[in-house]
1. When you go through Ile122, Ile109, Ile75, Ile118 one by one, which is the residue that is at pLDDT below 90 and of a type in the set (Val, Ile, Thr)?
2. Search region 140-168 for residues that are within 19 Å of Gly191 (Cα to Cα) and pair each with any residue that is among the hydroxyl-bearing types (Ser, Thr, Tyr) when their beta-carbon atoms are under 7 Å apart and the residues are at least 6 apart or on different chains.
3. Of the residues in region 140-159, how many are more than 20 Å from Gly334 (Cβ to Cβ) and of a type outside the set (A, V, I, L, M, F, W, C)?
4. Regarding region 46-69, can at least one residue be identified that is out of contact with any Gly (no Cβ under 8 Å at 6 or more places or on another chain), farther than 15 Å from Phe343 by Cβ and of a type in the set (A, V, I, L, M)?
5. Given the criterion at pLDDT 90 or above and in contact with a helix residue (DSSP H, G or I) (Cβ under 8 Å, 6 or more places away or on another chain), identify the matching residue among Ala277, Ala293.
6. Restricting to helices (runs of 4 or more DSSP H) lying wholly in region 37-138: which have 1 or more residues that are within 30 Å of Arg261 (Cα to Cα)?
7. Are any residues in region 232-256 touching a Leu at 6+ places or on another chain (Cβ under 6 Å) and among the small types (Gly, Ala, Ser), and if so, which ones?
8. List the helices (runs of 4 or more DSSP H) that sit entirely inside region 303-367 and contain at least 1 residues that are under 25 Å from Pro81 (Cα atoms).
Amino acid sequence: MFDVRALGAIHLTLFLLGVWLLLRLSARLGLATRAVIALLLALVFCDVGYAAYFNSLYSEPGSFVFLFLALAAAIGLAKQPASLPRLGAWLAACLLFVSAKPQNSLLAIPLAGYGFWIAYGIARGRRRVLVAGSAVALLLAPIAISLSTPKWIMKHYLYNAVFFELLQNSATPREDLQQLGLNPEFAKYRGTQIFSPGIPVEDPAFEAAFFDRIGSARLGLFYLRHPGRLAGVAQRAAQSAFSQRPSYLGNFEKSCGLGPRAQSQAFQLWSKLRESAAPRSLWFVAVFFAGSASAALAVFLSTSSRQVKAAMVLQLALVAMALEQLLVAEAVCGQYELTKHLFLFNLLFDLCLCADLVLATAWVNRTGRSPYV
């Protein structure tokens, strides 16, 4: 027997640590800016859409709390890049985040990009070498994660990516299989997912003809050769975004008498507002993130402060991470448990939105300081 509330307590403790670090790092900002930061942390990130995952064995709460810690460590690193403890905290938090779930692994690339900017934009002397070396180590994380991920998990991802997403939305499934170097006769499994009855996933012949011949790199190259298909992936993901709580997951024990899959309605103002108000279209996603990236770039080009520039580089990294998650969640899993797989995209969307609001507050108050540092 395992009391899952013990795991919830660990998630809660790590989250509160991240919140405390963010509030502490904002101590030198103006009162209005700090008030907006505190309000957004409570309203958005304490919402039941996030907190409900804490009492679970899913990997989503790990992604949530480690990303918060990684952001706090990244801000601290921009303030003192010569501090070895801060550099170690940043690298450790980033590695914990990207390894929390195989879906997160490629997010090491924009995080490493931020590290390289700190190395060559702020750090000096041998500290520059240490920061750059940490960024290189982070770049190697996706390879290590891929090699250490159990084979059965990779089978789940690959099967769903091909049959439940790519072929199910294809007008030419046999031709697609040929381009992937696979047997076109496998088109008969189009629309099935890894748990569908009657699929031959345990058949050695199928394993040799499919799993031994397909990989994430080959799938990625296929989508690069067919940008229209990639746009379709993004559109389907956008149509499913902004919902955070799968309807098949409940929050109560049987003894509560609420029936199966009953969900807590406590503190859900933000998640309900976003779910009802956010347009579920690729155009909205594109315009929002283009605006967020443009604002960060404009501030980056208009300031001479290295710390402010670092904050804007971090904002650009968050935008890149969100867009990558939008594509990966749909391309890898299709519509299978997509609400849960888009958890990290929704988190990154909220972080970018909150960063934009904090930036606007700082600008209105003319503090001359960054909303991050």
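The values are calculated or read from the model by the stated rules, or taken from the named source; none is laboratory data. Just so we're clear, the structure is a prediction, and the values are computed from it rather than from any experiment. No Cβ is skipped: glycine too gets one built from the backbone with ideal geometry, and neighbour counts run over all protein chains shown.
1. Details: Ile109 fails: at pLDDT below 90; Ile75 fails: at pLDDT below 90; Ile118 fails: at pLDDT below 90.
That would be Ile122, the only listed residue that is at pLDDT below 90 and of a type in the set (Val, Ile, Thr).
2. If the second residue must be among the hydroxyl-bearing types (Ser, Thr, Tyr), the pairs left are Asn160/Tyr336; Phe163/Tyr189; Phe163/Thr192; Phe164/Thr192; Phe164/Tyr336.
3. Start the filter on region 140-159 by keeping residues that are more than 20 Å from Gly334 (Cβ to Cβ), which leaves 140-148, 150-151.
Keeping just the survivors that are of a type outside the set (A, V, I, L, M, F, W, C) gives 142, 146, 148, 150-151.
The total comes to 5.
4. No, there is no match, as no residue in region 46-69 is out of contact with any Gly (no Cβ under 8 Å at 6 or more places or on another chain), farther than 15 Å from Phe343 by Cβ and of a type in the set (A, V, I, L, M).
5. Working: Ala277 fails: in contact with a helix residue (DSSP H, G or I) (Cβ under 8 Å, 6 or more places away or on another chain).
The match here is Ala293.
6. Numbers: elements: 48-51, 60-79, 84-98, 108-121.
Where helices (runs of 4 or more DSSP H) fall fully within region 37-138 and carry at least 1 residues being within 30 Å of Arg261 (Cα to Cα), they are 48-51, 60-79, 84-98.
7. Ala234, Ala237, Ala238, Ser240, Ala241
8. Values: elements: 306-333, 338-341, 343-364.
Ranges flagged: 306-333, 343-364.
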